[in-house]
Every structure is written in structure tokens, then in C-alpha cells.
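Heads up: the structure comes next, in C-alpha cells.
The values are calculated or read from the model by the stated rules, or taken from the named source; none is laboratory data. The structure displayed is predicted, hence computed values, not measured ones. All Cβ positions, glycine included, derive from the backbone under ideal geometry; neighbour counts span all protein chains shown. In case anyone asks, the SASA skips ligands and DNA or RNA and just uses the protein heavy atoms, side chains included. Shrake-Rupley method; radii C 1.70, N 1.55, O 1.52, S 1.80 Å.
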Amino acid sequence: MNLQEKINQDFSQYKTQANSSDAFVQLREQAFTEFEKLGFPSTKHEEWKYTNLKPIAEQSFQATCEINPAVHAFVKQSIFSTIQANRLVFVNGSFVQELSTMLETNTEIIIGSLATERHKHKTIFEAHFGKYAQVEGQALNALNTALLSDGAFVVVPDGKTVSHPIVILNITDSSAINVLAQPRNLVVIGKSASVTIIEAYEAMGTNAAFTNGVTEVYAAENAHVEHYKIQQQAGESYQNNFTQIFQEANTNINHVTLTLDGTMVRNNLHFYMNGENCNSLLYGLYITDSKDFVDNHTRVDHAKPNCFSDEKYKGILKDQSTAVFNGKIMVHLDAQKTNAYQRNQNILLSDDATVNTKPQLEIFADDVKCTHGATIGQLDEEPMFYLRSRGIPEDVARKLLLNAFADDIAEKINIPELVTLLEQQIEHKL
Amino acid sequence: MLEIKELKAEIEGKKILNGINLVVKPGEVHAIMGPNGAGKSTLSSVLAGRADYEVTGGTVSFNGKDLLDMAPEDRAREGVFLAFQYPVEIPGVSTTNFLKTAINEKRKYLGLEPMEATDFLKFMREKMELMEMDKALTSRSLNEGFSGGEKKRNEVFQMAMLEPQLSIMDETDSGLDIDALRLVSTGVNKLKDGKRSFVVITHYQRLLDYIVPDFVHVLYKGRIVKSGDANLAKELEVKGYDWIKEEVEAGA
């Protein structure tokens with residue numbers, strides 16, 4: 001059966017088991033209706049102009065999939081296992097307890113599987129779940145909401161700090177068949193609380209894998225969140241990822257997306273500043289090769305005055321790969337004294353690589369400072385000749401220059417293991 | 001050491017060098033002067049291996065090897081150094097990392113083990129003191145935000161680190177005030193050891209007050225039209241280039 005047929009089957013199966021008096025179930029039924037109405041977005045949709053989901057939708061999918069024992073070895077050798085962290089491991093969207101690790105000793109802090117924890121913490125779950133990631137008009141969010149498998153549920157109470165990073169490791173295992181994974185994360189950070197979250201995506205197996213993930217992050221007043229999204233899914237991997245970060249006053253969010261592998265990756269990163277004096281930092285780096293495709297759509301909503309946002313996305317493209325950047329900054333009517341910066345810079349290493357970039361500013365306030373810009377080019381010849389004239393061979397010089405280009409983003413990463421991973425990928429890919 | 005014979009080069013079909021002949025022996029300092037557009041910078045670019053120029057005739061041998069046949073990095077590793085007229089800013093690459101890479105690539109080329117990190121730092125510290133370099137400059141990105149004078153001093157510092165046999169200095173004096181000029185020249189003079197050679201390309205005589213040449217050549221229309229000793233530079237300072245142009249035109 002194709003993807004649509006699988007989705008229909010999965011949902012009718014879900015409905016036979018679900019208790020429709022549960023608010024959560026009702027939410028999912030509404031989401032499914034929305035998805036049925038919208039269908040998969042086509043390239044005729046302005047927001048999906050360059051991103052074609054057809055290759056995934058046409059794949060054949062089966063109903064279920066057993067967990068492959070080889071996953072254990074895969075997790076063990078993963079770089080994300082080297083980080084001292086609270087680790088939640090999901091395989092094809094399902095939580096795997098025996099592969100997960102918990103270091104946090106404060107029992108007030110919730111770090112666990114959404115499917116289990118939501119029952120234990122019903123009030124806070126219902127207060128936040130589905131409140132930030134929009135379903136109306138967003139087919140893939142609707143799909144995720146209707147058919148989500150599992151994901152991380154993190155709650156940090158007021159004033160608390162999670163002492164180690166939380167790694168949410170998502171693995172698709174397509175060793176036996178094509179797979180569909182729909183992880184769903186909910187992160188609720190209390191007042192003056194802080195946390196570091198690393199969302200990682202890896203893949204094993206040679207069949208196709210489609211990940212359709214949604215993450216909602218709520219940051220109460222004075223909260224501080226470091227959020228990393230690391231995508232390196234090898235093989236035939238497709239991913240659509242939606243993240244909504246909702247900020248109350250005086251919050252600081254540092255977000256970095258690294259897209260290092262994947263056949264097709266579409267990221268939607270939305271920030272909403274719902275209070276004054278927020279800092280929102282959005283950084284991204286994508287390194288693409290072969291015929292890979294990476295699309296970063298970002299949206300920053302300056303809804304209140306006196307907020308600051310800084311966005312920088314950089315890309316290095318090889319072979320026949322394609323990247324899309326579409327960054328929208330919305331400065332609402334009463335968001336005076338907004339400072340918003342946005343840049344997208346790309347280096348093409350091949351004549352056959354393509355970048356489509358569209359920085360957008362929509363400003364309704366009249367006292368703001370906003371800049372945006374985009375560049376697409378090749379590695380400059382002058383620095384190259386300069387390095388070579390000092391005895392550095394061409395390939396070493398190119399690596400030095402590309403590392404320097406990536407360094408801008410690497411310096412925003414406060415986890416040494418992730419910087420190492422990035423350096424390795426640059427070394428390996430370039 | 002360096003032997004240039006009948007060197008001809010052009011860029012985009014425009015002939016710039018029309019048969020240069022020059023022999024530089026170990027320990028010698030040669031100044032190449034000439035009016036704007038004479039081909040001075042082209043000569044340095046061709047010797048360093050810049051790709052924009054096409055060599056259409058002649059030969060250049062360096063220690064008996066065909067220099068024109070080598071990639072720019074190989075020329076450098078054989079011992080040729082070009083001090084740029086406009087040193088390039090490279091954000092994200094620290095001067096230290098850059099120099100360590102350059103030195104170790106040269107050592108690899110010569111069949112030597114890479115320098116230990118501590119030995120490298122010690123070596124760099126010595127050269128920094130010798131060149132009176134500000135420590136802060138080496139931890140910053142290569143040339144990024146450097147003043148004109150700092151960039152030129154960084155070129156001479158790199159020269160000290162890479163220990164070339166032949167240094168070609170392309171209008172190192174351009175854009176320097178008198179204090180920076182003195183610092184740069186002092187640096188260069190400290191590197192003279194009787195074996196190293198220098199080709200100093202300049203439009204003005206004032207640099208040659210500090211780096212005293214053994215030979216002065218005047219380049220005009222892509223040829224060396226007059227050679228002499230340091231006094232020729234002084235004569236040019238007083239009389240300008242017009243009399244040379246006239247001599248050449250009359251001869252032609």
C-alpha cells in the first residue's frame with residue numbers, strides 16, 4: 001500500500017482502540033479530519049514550491065515493523081552515546097527503554113516517553129499539548145497529531161536546571177521494510193528554569209524511511225533553553241520536521257540546526273515571542289552532497305516590544321544537491337524597538353548544485369531595526385591563492401576555508417561532542 | 001638561485017611581460033622599479049603562480065628546477081615566498097593554525113616529520129619577538145580587521161616563519177606610513193643572512209632607503225630597460241621615470 005493508504009489504515013486501527021471521550025483522542029480525530037481535508041502539500045503550494053513530497057508518498061509501506069536487534073549496536077557506536085546526557089532513544093518512533101539512560105536525580109523534573117508520562121501528568125500535558133504547533137492549514141502537523149507514535153515529554157519546574165543535556169535520539173530502522181516514524185516532543189520549561197536539549201536523527205537500513213516529527217517548546221518567564229537539532233540520516237531518508245518555540249517574557253533561546261545528511265529534509269522552525277525582552281537565536285548549517293535536498297523554512301514572530309532575534313543559516317553544497325532557505329520575520333504592530341537580524345550564506349562547490357533563498361521581512365511596527373540578506377557564491381579565489389602561496393595544497397586549503405565558513409555556526413554550539421561531530425562531517429564530506 | 005629568461009606573459013590576451021631577463025644569486029637584494037602599468041605586479045604574480053596569467057614564452061628556473069611547471073604550493077615549499085601587495089583577510093582561520101598548517105605541509109613535502117605543537121609555539125614566539133609582533137594578532141583570524149601596516153608586518157612575520165630562500169615583495173611599501181615602513185623594513189633586514197635573496201618590487205625609492213638593494217632594475221612596457229646599483233633608485237627619485245621612457249622611445 002502507498003503512504004496515504006497506510007495512513008488511512010493506521011488511523012482506522014487507532015480509532016477502534018481509542019476512547020473517544022478522551023480530550024487527547026478528540027484532538028487527534030480533529031487533526032485527522034484536517035489532514036484528510038488538506039492532503040499532502042503539493043509543489044503548487046507557495047510554502048512547498050521547491051519541496052516535493054511525491055517520492056515519499058509513492059513508496060509502499062507496510063503496517064508494522066519489529067525492532068531489529070542490530071539497533072543496539074547502532075546506538076552504542078553513535079556519537080550521541082558519547083555525550084554525558086539523559087538519553088531517550090526512539091526507534092521508528094517508539095520508545096526503547098533499555099537503550100535509554102537517565103542521569104537526572106531530581107524527581108520533580110520529568111524526562112520520559114510522551115506515551116507513558118502524559119497519563120501521569122495529565123494536567124500539564126493537556127495545558128500544553130497541541131497549543132503551539134498549529135494544525136489548521138498544516139497538513140503534516142495534522143498528520144503527526146493524528147498518528148503520532150511517541151516522543152519525549154520534558155517538564156522542568158520553576159527555578160530548576162537540568163544538570164545534563166537531554167538527548168532525544170530518533171533512529172529510523174529500514175533494514176527490513178520502508179518505515180514511517182512520527183515522533184512528537186513536548187518540552188515545558190518553567191519560570192527561571194533551564195535545559196539543554198539535543199534532538200538527533202539517525203538512520204540505519206537501506207529501505208526508505210520517512211520521519212514526520214513535531215516538537216513543541218514552551219518557555220515560561222526567564223527560562224533559558226539551548227536547543228540543538230542534528231540531522232544525519234544516511235540512506236534513503238526523508239524528513240519533515242516542525243518545531244514551534246513559544247517564548248514568554250525575558251526568555252533566552254539558543255537554537256542550532258545542523259543538517260549533515262538526508263535524502264530530503266524539510267525543516268520548519270517557528271519562534272513566537274509572547275513577552276518583552278526575549279532573545280531568540282536561530283543558527284543553522286547544512287552540508288549537502290549527491291542529490292540531497294534540504295529546505296529550511298523559518299518564521300520568527302516578534303509579537304511584543306523590545307525583543308531581539310538573530311538568525312544565520314549557512315550552507316555548503318556539493319554535487320547535484322539543492323538547498324532552500326525561506327526565512328520570515330514578522331514584526332507585529334505593537335512590537336516596537338524590535339531588533340531582528342537575518343542572514344543566509346551559501347557556498348556552491350559544484351556547477352550542478354542549486355540554492356533557492358528567500359529572506360522575508362514583514363514589519364507592521366514603525367520603530368524597529370531589522371536587516372536581512374542572502375548570498376550564494378563559490379569559494380573565493382583570492383583566499384585560496386593566498387593559502388596555496390604559503391605552501392598549503394589546494395585540498396587542505398579548501399578544507400581550511402570551508403571550516404572557517406562553518407566556524408560561524410560551530411561557535412554557537414556549546415556541546416564539544418557536537419562540534420567534533422561537525423568537524424568530522426566536514427572532513428568526511430569535503 | 002633564480003634565473004628568468006625571456007619571460008613573456010599576458011592576461012586576457014593583453015601582453016604584459018615582453019621578455020624579462022633577470023638572474024638573482026644567493027644573498028642578493030634586487031629592486032624592481034618602474035612606472036604604473038610597467039608589469040611589476042604581473043612579474044610577481046607569474047613567479048608565485050597566480051592562475052589569471054598565461055605564460056606565453058621564456059623560462060624561469062629556481063635552484064635548477066622549472067618554476068613555471070609547479071603549482072603555487074610547490075613553489076612555496078621549494079622556498080619561494082610572495083609578500084602580497086594586498087594581503088587577503090580570511091575570517092575564521094587563525095594566524096596560528098594557518099602557519100602551523102603551512103609549516104607542516106612544507107615539512108611533509110621535504111620528507112620531514114610534522115613539528116611538535118610545543119616546538120611550533122616556541123618557534124613562533126621567537127619569530128614574533130624578532131619581528132616585534134603583537135601577540136594578540138596571532139590569535140585573531142588571519143588579517144581580519146588588521147590595519148594596512150599590521151597586514152604588511154604579518155606578511156614579513158610569515159616570511160620569518162616559513163624561512164624562504166627567495167622572497168618577492170610586491171609593493172610592500174604601498175599604503176604604509178613612515179613608522180610602519182621602518183618596522184617592516186627592519187623585519188626584512190633581520191632576515192638577511194647572506195644566503196636568502198630578495199626581489200623588492202616598488203614604485204617609490206623610499207623603501208630602498210631602508211632595504212638597500214644590490215641591484216636596481218627599471219621595468220617599462222614589460223621589459224627591464226635599465227639596470228644599475230642603489231644610485232639608480234636615487235636618480236629616479238629625483239628625475240622621475242620620464243627620462244627613461246624617452247630613452248626607450250628614442251632607442252625604439
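Odds and ends about this structure:
- Residue that is more than 29 Å from A:F210 (Cβ to Cβ), open to solvent by 10 Å² or more (accessible area, probe 1.4 Å) and of a type in the set (D, E), where the choices are A:D310, A:D319, A:D289: A:D310
- Filtered by the rule that a residue be part of a helix (DSSP H, G or I) and either among the β-branched types (V, I, T) or surrounded by fewer than 18 Cβ atoms within 10 Å (Cβ to Cβ) (or both), the stretch B:96-112 gives B:T96, B:N97, B:T101, B:I103, B:R107, B:K108, B:Y109.
- If you go through the stretch B:90-116 and keep only what is more than 7 Å from chain A (Cβ to nearest Cβ) and either polar (S, T, N, Q) or in contact (Cβ under 8 Å) with a residue 60 or more places away in the chain (or both), you end up with B:S94, B:T95, B:T96, B:N97, B:L99, B:N104.
- Taking the stretch A:365-376 as the range and being touching a strand residue (DSSP E or B) at 6+ places or on another chain (Cβ under 6 Å) and exposed (fewer than 15 other Cβ atoms within 10 Å of the Cβ) as the test, the residues that pass are A:K369, A:T371, A:G373, A:T375.
- B:S45 at pLDDT 95 or above, over 14 Å from B:L162 (Cα atoms) and either within 14 Å of another protein chain (Cβ to nearest Cβ) or in contact with an Asp or Glu (Cβ under 6 Å, 6 or more places away or on another chain) (or both): no
- Helices (runs of 4 or more DSSP H) completely within the stretch A:377-430 that count 1 or more residues being of a type in the set (S, T, Y) and open to solvent by less than 20 Å² (accessible area, probe 1.4 Å): A:381-388
- Criterion (within 23 Å of A:A18 (Cα to Cα) and at pLDDT 95 or above) met by exactly one of A:L114, A:L147: A:L114
- Unique residue being within 9 Å of chain A (Cβ to nearest Cβ) and of a type in the set (F, W, Y) when the list is B:Y86, B:Y53: B:Y86
- Contacts under 9 angstrom Cβ, first residue in the stretch B:132-149 being charged (D, E, K, R), partner outside any helix (DSSP H, G or I) and open to solvent by 60 Å² or more (accessible area, probe 1.4 Å), 6 or more apart: B:E144/B:E89; B:E144/B:P91
- Here is the figure for the stretch B:132-169: residues that are within 24 Å of B:G64 (Cα to Cα) and of a type in the set (D, E, K, R) total 1.
- The listed residues are B:S227, B:S197, and the only one of them that is touching an Asp or Glu at 6+ places or on another chain (Cβ under 6 Å) and closer than 17 Å to B:L43 by Cβ turns out to be B:S197.
- Single residue of B:V46, B:V93, B:V23 found to be in a helix (DSSP H, G or I) and among the hydrophobic types (A, V, I, L, M, F, W, C): B:V46
- Exclusive hit being in contact with a His (Cβ under 8 Å, 6 or more places away or on another chain) and either under 25 Å from B:D173 (Cα atoms) or open to solvent by 10 Å² or more (accessible area, probe 1.4 Å) (or both), set B:L68, B:L43, B:L22: B:L22
- Which listed residue is out of contact with any Ser or Thr (no Cβ under 9 Å at 6 or more places or on another chain), open to solvent by less than 10 Å² (accessible area, probe 1.4 Å) and either farther than 21 Å from A:A142 by Cβ or of a type in the set (A, V, I, L, M) (or both), from A:I230, A:I198: A:I198
Quick grid of which residues meet (1) assigned by TED's automatic domain parsing to the domain that holds A:S12; (2) open to solvent by 10 Å² or more (accessible area, probe 1.4 Å); (3) under 21 Å from A:E66 (Cα atoms):
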{"site": "A:A146", "(1), (2), (3)": "yes, no, no"}
{"site": "A:V156", "(1), (2), (3)": "yes, no, no"}
{"site": "A:K160", "(1), (2), (3)": "yes, yes, no"}
{"site": "A:P165", "(1), (2), (3)": "yes, yes, no"}
{"site": "A:G205", "(1), (2), (3)": "yes, yes, yes"}
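- Qualifying residue in the stretch A:378-400 (condition: among the aliphatic types (A, V, I, L, M) and in contact (Cβ under 8 Å) with a residue 40 or more places away in the chain): no
- Looking across the stretch B:1-19, just one residue is among the basic types (K, R) and surrounded by 15 or more Cβ atoms within 10 Å (Cβ to Cβ), and that is B:K8.
- Residues within the stretch B:54-85 that are under 15 Å from A:S389 (Cα atoms) and touching a residue at least 12 places away in the same chain (Cβ under 8 Å), tallied: 18
- Residues in the stretch B:26-40 that are assigned to a loop (DSSP other than H, G, I, E, B) and either β-branched (V, I, T) or surrounded by 14 or more Cβ atoms within 10 Å (Cβ to Cβ) (or both): B:P26, B:G27, B:E28, B:G34, B:P35, B:A38, B:G39.
- Selection count, the stretch A:170-195, where residues are of a type in the set (A, V, I, L, M) and closer than 20 Å to A:A142 by Cβ: 3
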